[in-house]
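Nothing in this text is a laboratory measurement; each read-out follows from the coordinates by a stated rule. The structure displayed is predicted, hence computed values, not measured ones. Reconstructed Cβ throughout: ideal geometry from the backbone, glycine too, with neighbour counts over all protein chains shown.
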Amino acid sequence: MKRDFRRSTAWDVAELAGVSQSTVSRVFTGSARISTPTRERVLQAARELDYIPDKRASRLRSGQIGVIAVVVVTRSQDSAQEINPFAYILLGSVCRAASARGYETLVSFQSSEDDFYGRYVERRDADAMVVLGTTQNPAAWDYFRPLLQEDGPAICWGLPFDDANSVRSDNRMGGELAAGHLWQQGYRQPVFIGPIGNDQLQFHERYLGFSQALSKHGINPLVEKEFSSLNRFEQGREAIARLESAGQSYDAIFAACDFIALGALDALAERGIKVPQDVGIVGYDGLAATAHSSSPLTTIKPDLEEAGRQLVASVLEEEHDSAHPLAPVELISRASTQRG
């Protein structure tokens, strides 16, 4: 008996799945516009027929390369171990979201002017560019800012400036959650710790959400916003030293990020100040390590899986609801604020 070695085509899959060939094509290019039942029916038909899409032919027809460039901005002095783990988590989320849409990712870590490069789309190395990373490298953002302001497919995480497409966490809501939680736990003399007078606009949004929520209770929080160090952990330690030196009364802290909170925790322990009995503390970022700090840290955790999905969907122009989508946040309550 003669075996049929003819390779299955998209037309074969379409016929078996009861859809059009264009629908099959959209399923395998990762379009978000295909319903889940239709997608599953097409994928099942492809499995039955052992269908393997020809990505090269598809990209030639569409003019696409099938690659998203992801740039991670770091500080020039940071080794791989010193880069904020938040950046690695978000990078993983972006890569997973790109893969789910049939795209590969080209990842570049950039820290100095000799490294800066963002012309991936212009030179046909990628279909789109996503920029992540620290705001503590102003030279990098000076370079990427005009690229992010152009009409081309480029987007950044966070808010290093407000005149480019971006995705960020719902910072104001995070501040409101922190304020509401501390109030419910009986804290009445809060302080916000974080550099809100510089380019870190996300920190300022967190402060606004925090202070506005507390104002409904007649509370105006103290603010520690000036620091001599760029190191977030040291900023937390520095803030506690200054508060204690000034004799300021406070019973709660909302830190602009987890590393500032961890520095504050360290300084409080050094001074014999008990957490949460004397001072409650909330961080922001939801880093896994905070569950294992000396007093497990209550933190505001952004949904980074959703953030990655939003970044990829927005840069591929599959969503147009907002130029600045917000990733949802939740409060993770731990021992650092749980009195009694």
What is the chain's relative contact order, in percent, from Cα pairs under 8 angstrom and six or more apart in sequence? 16
Hey, fewest Cβ within 10 Å first, where do T38, T23 land in order? T38, T23
Rank these for me by crowding, F254, F203, going from fewest to most other beta carbons within 10 Å. F203, F254
As an exercise, use a Förster radius of 51 Å and the Cβ-Cβ distance of E122 and T36 to find the FRET efficiency, rounded to the nearest 0.05. 0.90
Say R0 is 41 Å: what FRET efficiency, to the nearest 0.05, do S20 and V223 get from their beta-carbon distance? 0.10
How large is Rg/Rh for segment 136-268, to two decimals, with Cα atoms and a Kirkwood Rh? 1.03
Arrange M129, M173 by Cβ neighbour counts within 10 Å, fewest through most, would you? M173, M129
Could you state the angle between the C-alpha long axis of helix 171-184 and the longest principal axis of the C-alpha atoms of the chain, as a value from 0 to 90 degrees rounded to the nearest 10? 40
DSSP beta bridge pairing in the chain, given as percent antiparallel to the nearest 5: 10
Debye calc, one equal point scatterer per Cα of segment 100-177, no solvent, log10 I(q)/I(0) at q = 0.15 1/Å comes to -0.58
Measure nothing but the geometry: give the 0 to 90° angle between the long axis through the Cα atoms of 138-149 and the longest principal axis through the Cα atoms of the chain, rounded to 10°. 40
Bounding extents of segment 140-199 in its principal axis frame from Cα atoms, largest first in Å, are 49, 20, 13
Expected max-MSF residue from V24, V71, V130 in the GNM of the chain (alpha carbon, under 10 Å) is V24
